[in-house]
1. Only one residue in 75, 15 is in contact (Cβ under 8 Å) with a residue 24 or more places away in the chain and out of contact with any His (no Cβ under 6 Å at 6 or more places or on another chain). Which one?
2. Residue check: is residue 38 among the small types (Gly, Ala, Ser), surrounded by fewer than 17 Cβ atoms within 10 Å (Cβ to Cβ) and assigned to a helix (DSSP H, G or I)?
3. Please tell me if residue 33 is within 15 Å of the chain's Cα centre (by Cα), surrounded by fewer than 13 Cβ atoms within 10 Å (Cβ to Cβ) and in a helix (DSSP H, G or I).
4. Checking residue 70 against (1) free of Cβ contacts under 8 Å to residues at least 12 places away in the same chain; (2) under 23 Å from residue 13 (Cα atoms), only one condition comes out false. Which one?
5. Quick test of your reading of the structure: residue 44 fulfils all but one of (1) surrounded by 13 or more Cβ atoms within 10 Å (Cβ to Cβ); (2) more than 25 Å from residue 70 (Cα to Cα); (3) at pLDDT below 95. Name the failing condition by number.
6. Applying the selection to the stretch 8-30, what residues are hydrophobic (A, V, I, L, M, F, W, C) and buried (at least 17 other Cβ atoms within 10 Å of the Cβ)?
7. Looking at the stretch 47-78 only, could you name the residues that are over 17 Å from residue 16 (Cβ atoms) and exposed (fewer than 14 other Cβ atoms within 10 Å of the Cβ)?
8. Taking residue 34, is it under 27 Å from residue 10 (Cβ atoms) and hydroxyl-bearing (Ser, Thr, Tyr)?
Amino acid sequence: MLGTWLGKLKGKDKFETAENYSILSILIGAIMVSVGIGLTIITPKGLPAILAMLGSLIAFLSTVALILVWLTKEFFGG
């Protein structure tokens with residue numbers, strides 16, 4: 001099942017494939033942030049806080065990567 005999902009992430013070229021993986025990483029990061037913030041209702045320290053911080057880091061870095069892919073595609077990809 002995971003293989004079919006990863007197969008759908010392939011784009012027409014390497015730029016579209018990188019875009020798709022970046023968007024998937026942003027979604028994973030957003031889900032991690034949401035779960036981490038939701039779990040901090042139970043306890044504000046420990047694993048929930050780490051999960052929220054890690055999710056926000058992943059979402060931020062994936063957004064930066066997506067912007068870099070767009071710029072590279074615009075200038076070098078045609």
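The values are calculated or read from the model by the stated rules, or taken from the named source; none is laboratory data. Bear in mind the structure is a predicted one, so any value in this text is a computation, not a measurement. A quick note on method: Cβ atoms are made from the backbone with ideal geometry, for glycine too, and the neighbour counts reach across all protein chains shown.
1. So the residue among 75, 15 that is in contact (Cβ under 8 Å) with a residue 24 or more places away in the chain and out of contact with any His (no Cβ under 6 Å at 6 or more places or on another chain) is 15.
2. Yes; evaluated as a whole, the condition is true for this residue.
3. Spelling it out, it is not the case that residue 33 is within 15 Å of the chain's Cα centre (by Cα), surrounded by fewer than 13 Cβ atoms within 10 Å (Cβ to Cβ) and in a helix (DSSP H, G or I).
4. With respect to (1) free of Cβ contacts under 8 Å to residues at least 12 places away in the same chain; (2) under 23 Å from residue 13 (Cα atoms), residue 70 is out only on (1).
5. With respect to (1) surrounded by 13 or more Cβ atoms within 10 Å (Cβ to Cβ); (2) more than 25 Å from residue 70 (Cα to Cα); (3) at pLDDT below 95, residue 44 is out only on (1).
6. Matches in the stretch 8-30: 15, 18, 26.
7. Scanning the stretch 47-78 gives 47, 50, 53, 57, 60, 64.
8. No, not satisfied.
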